[in-house]
Amino acid sequence: MKKGMTGMEDGFPDVRKILEAGSVKTLFQPVVSISRRSVFAVEALSRGLEPDTHEIIPPALLFGRAGGGLGTELDAMCSRKALEAFGPVHHDDGGVMLSLNTDVSVLEYGSRGSHALNRMIKDIGVSPNNVILELVESKAADLSALMDFVSYYRRRGFLIALDDVGAGHSNLDRIPLLKPDVLKLDRSLISGVHEHFHKLEIVRCLVRLAARIGALVVAEGVETPEEALCVLDCGVDLHQGFLYAVPEQPGSSCRGAIRMAEEVAAGHRARSTRRISGRHEHSAAMDAVMLSLCMRLAAIPLDRMDEELAGCIEEGPGLECMYVLDIRGAQVTSTVCDPDVLMRTRRVLYAPAEVGADHSLKDYYIPIRAGLPKHVTRPYISLASGNRCMTYARIFRHSPSGVDLILCVDMTAFDAEPFCVSMDE
């Protein structure tokens with residue numbers, strides 16, 4: 001189960017005594033949908049209680065001491081307690097899901113394809129369609145048992161979630177094997193995502209993967225408005241974390257979580273409006289710059305074009321590299337770069353392309369070849385400078401030769417708002 005509250009710092013819990021006393025409590029933490037401003041699910045978080053002192057036992061310590069058959073019994077007790085606590089929630093709102101952690105490390109001890117959870121569901125009156133079984137697949141030593149378990153419960157209407165996706169121990173190769181309905185992005189990936197470009201790109205990649213395989217994405221451990229806005233901007237609508245609510249007793253109101261979801265939604269609307277406006281203004285300015293540059297190059301003989309490009313690159317902020325292609329995608333000039341940019345880069349890995357280089361498969365060339373007069377790429381890492389850039393390409397008629405050429409300009413990637421802003425702004 002999930003790590004959470006502290007307690008019982010010294011000594012070890014007597015798991016058998018806890019099982020006999022039924023000394024386990026359930027807390028719920030909501031998973032909110034920002035677009036719907038509602039609670040999508042509640043995750044059941046189990047806490048052990050020392051039977052005599054009622055001291056809270058951390059889940060890692062409790063389950064760490066309950067190996068083998070005791071682990072199976074403890075997992076079943078936690079599931080039953082969670083389902084019993086969820087019963088009234090399900091009765092009041094049949095649309096809310098229960099996210100139920102399942103200890104897959106005990107599958108080898110006889111719970112492969114077990115009927116126990118199915119019986120609990122029927123006894124308590126909860127629909128399997130409202131239950132998401134959360135699995136940390138890396139904890140399953142027996143992959144065959146894990147796949148049997150998933151297949152058995154999926155056939156009976158349960159949904160399957162892979163937990164801790166993006167953590168160091170998660171195995172992405174098991175996603176196509178288990179075909180999960182939900183991917184829960186680990187807190188380690190969400191923490192500070194608005195400040196780390198590489199984390200941001202990993203989240204975007206996982207969101208695209210989920211969209212292609214038909215899975216929902218949940219951002220776990222969202223703690224700040226900036227993190228919330230950033231993952232929402234990536235397309236993650238379902239959020240869970242202390243920003244919205246701490247784990248609470250079943251039956252606690254989720255109004256605070258919904259209010260925060262409304263604030264995040266409002267912040268996202270404002271941020272998106274500013275971004276679109278900024279991109280429009282930037283695009284208009286770049287169109288004017290590119291048109292001016294093409295008009296200058298149109299009258300310059302090809303053997304003097306490098307010199308002209310060197311003068312052009314000093315005219316605009318953010319212009320990193322410039323080069324000209326012929327209509328077949330072959331480079332006909334040198335790559336002229338801002339020398340300050342090249343001084344800051346790792347030249348062992350990155351170097352400007354030379355005359356004759358083939359650009360025919362590049363994202364900035366193919367749209368021009370297909371008939372567009374101009375094209376702007378998405379941000380990418382430039383092979384010339386090693387910086388995150390965008391390439392602007394525009395076709396122009398070269399008067400001295402009477403042929404069409406393509407001007408390509410690598411610019412520092414533009415973000416109207418590169419990271420999330422405060423919702424108070």
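Read-outs: derived from the displayed coordinates by stated rules, not from any lab. Worth saying up front: this structure is predicted, and the values here are computed from it rather than measured. Using ideal geometry, Cβ is built from the backbone for each residue, glycine included, and neighbour counts are taken over all protein chains shown.
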ask   = To the nearest Å, what is the center-to-center distance of region 382-403 and region 52-96, using C-alpha atoms only?
value = 61 Å
query = How large is the dipole of the chain about the Cα centre if only Lys and Arg carry +1 and Asp and Glu carry -1, each at its Cβ, rounded to the nearest 20 debye?
reply = 1220 debye
note = Taking Cα atoms, the helix 197-213 axis meets the longest principal axis of the chain at an angle in degrees (rounded to 10) of 70 degrees
ask   = Taking H as built 1.01 Å from N, whose amide H comes closer than 5 Å to the amide H of Ser99, not counting residues under 5 places away?
value = Val42, Glu43, Ala44, Ile132
ask   = Per 10 Å bin from zero, what fraction in whole % of the C-alpha pairs of region 148-219 is there, up to the bin with the longest pair?
value = 19, 51, 23, 6, 0
query = Per-residue ellipticity at 222 nm for the chain, helices alone: DSSP H runs ≥ 4 residues times -39500 (n - 2.57), over residue total, nearest 500 deg cm²/dmol?
reply = -11500 deg cm²/dmol
remark   = Hydrodynamic calc, the chain: Kirkwood Rh from Cα pairs, then Stokes-Einstein at 20 °C with viscosity 1.002 mPa s, so D in µm² s⁻¹ is 86 µm²/s
remark   = In order over region 365-370: 3J(HN,Hα) from phi, Karplus 6.51/-1.76/1.60, θ = phi - 60°, whole Hz, x for each Gly or Pro, gives 8, 4, x, 5, 4, 6
query = Applying the Karplus parametrisation 6.51 cos²θ - 1.76 cosθ + 1.60 with θ = phi - 60° to the phi angles of region 37-51, what ³J(HN,Hα) value in whole Hz is obtained for each residue in order, glycine and proline being reported as x?
reply = 6, 8, 8, 7, 7, 10, 8, 7, 10, 8, 10, x, 10, 5, x
request  = Determine, for each peptide in 14-22, 180-188, the mean count of other beta carbons within 10 angstrom over its residues, then list the peptides with the highest first.
outcome  = 180-188, 14-22
For the chain: lysine pairs under 25 Å (alpha-carbon distance), excluding those fewer than 8 apart on one chain = 28
request  = Provide the per-residue ³J(HN,Hα) series for region 246-259, in order, calculated from phi with Karplus coefficients 6.51, -1.76, 1.60 and θ = phi - 60°, each as a whole number of Hz, with x at glycine and proline positions.
outcome  = 7, x, 10, 5, x, x, 5, 5, 9, 4, x, 5, 5, 4
